[in-house]
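Worksheet for the structure shown next.
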Amino acid sequence: MGNLIINKSMARELIDKNGVDVDRLIEKLVNAAVAELSNHYYYTILRIRLLGAEGEAFKKIIENIRNEDRNHFEALVPRIYELGGELPDITELNCRRDGSLHNSLINELCVDSSNVRPLLETLIKCVERSVKDYTEICNITCGKDNRTYALAFAILHEEIQHQIWFLEFLGRGAGEIFVGDARRGSSPFVSKFLQAGNNKLEAGQQLI
Ligand code: ZN
């Protein structure tokens, strides 16, 4: 247990020495993790509510993004704790997520799923917000905190992919999506961080 505490403060100290405002960075990482968890939650509801021909094709995109956003959440959490941060209590989640975008999502969920365009526009805004947030985290950590930078950059790659999937759907419609792209939904960029996180947890358990 003692070793874990030393490791935590060392990570913080090293980054602090490099000139990163660690509290600000932790705040951004926590907000990003909460946003990923909220997205996963709303995509779960959305997936169930989407019916009809266009809805069915759209559901595949939602399912892939839902899986990858869950991975983003799980990859962020170990880094937050390594830096000495922690996740908020579940009752605080509402204050931290972007209420306006998710309220729009809830409203769109009531819309006829044979026309997913209004919903798609709201989802594109959500992804644009994520791209902006991870770009900021990359800018804060570039050359100063290699570990967080590599993680945020990997997530950023996948968020940009999500943006492309939505825009493809918006441009082409339901007909031409997903031909032979098995990697979608499997976090090709972030998966290595998930393994690292699991190994770390196992190492921690042995220490205790
Ligand atoms: Zn994500």
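Considering only residues that are within 24 Å of residue 117 (Cα to Cα), in a helix (DSSP H, G or I), in contact (Cβ under 8 Å) with a residue 24 or more places away in the chain and away from the ligand (no atom under 16 Å from the Cβ), which ones fall in the stretch 14-52?
45, 49
How many residues, within the stretch 83-112, are at pLDDT 90 or above and touching a Ser or Thr at 6+ places or on another chain (Cβ under 9 Å)? Please lay out each step first, then the result.
Of the stretch 83-112, the ones at pLDDT 90 or above are 83-88.
Of the ones still in play, those that are also touching a Ser or Thr at 6+ places or on another chain (Cβ under 9 Å) are 83-84.
The qualifying residues number 2.
Anything in the stretch 33-57 that is small (Gly, Ala, Ser) and buried (at least 22 other Cβ atoms within 10 Å of the Cβ)? List them, or say none. Give the steps one after another, and end with the answer.
At the first step, the residues of the stretch 33-57 found to be small (Gly, Ala, Ser) are 33, 35, 38, 52-53, 55, 57.
Scanning the stretch 33-57 gives 33, 35, 38.
If a residue must be out of contact with any helix residue (DSSP H, G or I) (no Cβ under 8 Å at 6 or more places or on another chain) and farther than 13 Å from residue 144 by Cβ, how many such residues does the stretch 14-30 contain? Steps first, answer last, please.
If we filter the stretch 14-30 for residues that are out of contact with any helix residue (DSSP H, G or I) (no Cβ under 8 Å at 6 or more places or on another chain), which is where we start, we get 14, 17-19, 23, 27.
So of that shortlist, the ones also farther than 13 Å from residue 144 by Cβ come out as 23, 27.
Of the residues in the stretch 14-30, 2 are out of contact with any helix residue (DSSP H, G or I) (no Cβ under 8 Å at 6 or more places or on another chain) and farther than 13 Å from residue 144 by Cβ.
Looking at (1) at pLDDT 85 or above; (2) exposed (fewer than 14 other Cβ atoms within 10 Å of the Cβ); (3) away from the ligand (no atom under 14 Å from the Cβ), find the lone condition where residue 132 falls short.
Condition (3) is where residue 132 drops out.
Being modelled with pLDDT of 95 or more and of a type in the set (A, V, I, L, M, F, W, C) narrows it down to one of 120, 156, 194, 167, so name that one.
Working: 120 fails: modelled with pLDDT of 95 or more; 194 fails: modelled with pLDDT of 95 or more; 167 fails: modelled with pLDDT of 95 or more.
The conditions single out 156.
The values are calculated or read from the model by the stated rules, or taken from the named source; none is laboratory data. This is a predicted model, so every value here is computed, not measured. Neighbour counts are summed over all protein chains in view; Cβ atoms, including those assigned to glycine, are modelled from backbone coordinates with ideal geometry.
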